[in-house]
1. May I ask you to sort 133, 50 by Cβ crowding, counting other Cβ atoms within 10 Å and putting the fewest first?
2. Checking the a/c ratio against 1.5 first, then a/b against b/c, what shape does the Cα gyration tensor give for the range 69-151?
3. Counting other beta carbons within 10 Å of each Cβ, put 114, 97, 48, 121 in order, fewest first.
4. Order these by the 10 Å Cβ neighbour count, fewest first: 39, 131.
Amino acid sequence: MQGHPTRRLVASSGNKTFSGATAKSIGPGIAKPWPAILDLLLGFEGRLSRSGFCIAALTLAAIVYLTLECAAGLPGMLGGFVTGIAYSKALYPAAALTAKRLQDRDKGIAYVYLFLGIPVLISIINMLTADLRNPLVIALSALYLTIVLWALIELLMLPGSRGTNRFDPRAKLRPSA
């Protein structure tokens, strides 16, 4: 069967690779970008630079925002249901992007739980608590703010590690000394 050869589709920012998915060629020098985008949003391996993280996170946030704007016009419980679905569907790609950015910083997966899981749990607890003057709600809100600020500094302001690190796919190919 004749066809175009499979090409390696690599999206990069500077010298840091954040996707290495393969794609079928659809013409001379043109490859379908969908496998690389899906790998970026759904895969937890690889590294992601600050600029790549910002672009992907802003795109994801824009999609969620547009979905929430559409859900705001829906009547009653249906709008709340669509809002819940939008947030839950965005959580997995947000975790994948965060994991790749943290791997570029040479940090482990535990930070994803810290930066995403704990704020989500605190938000749920605060939504269920009606009294905003409750000392527990105030303490949880302070913890939430601290974690979110730490995550913003870690993900958006601090540079990634130079060269290879323990999460770099190329580092796994070398024998350990």
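1. 133, 50
2. Cα axes put the range 69-151 in the oblate bin.
3. Values: 114 16, 97 24, 48 30, 121 12.
Ranking 114, 97, 48, 121 by Cβ neighbours within 10 Å, fewest first, gives 121, 114, 97, 48.
4. Details: 39 22, 131 8.
Going from sparsest to densest Cβ surroundings: 131, 39.
Any read-out appearing in this document is the output of simple, stated calculations on the displayed coordinates, not a laboratory observation. Computed from a prediction, not measured in an experiment: that's the story for all the values here. Cβ: placed from backbone, ideal geometry, glycine included. Neighbour counts: every protein chain shown.
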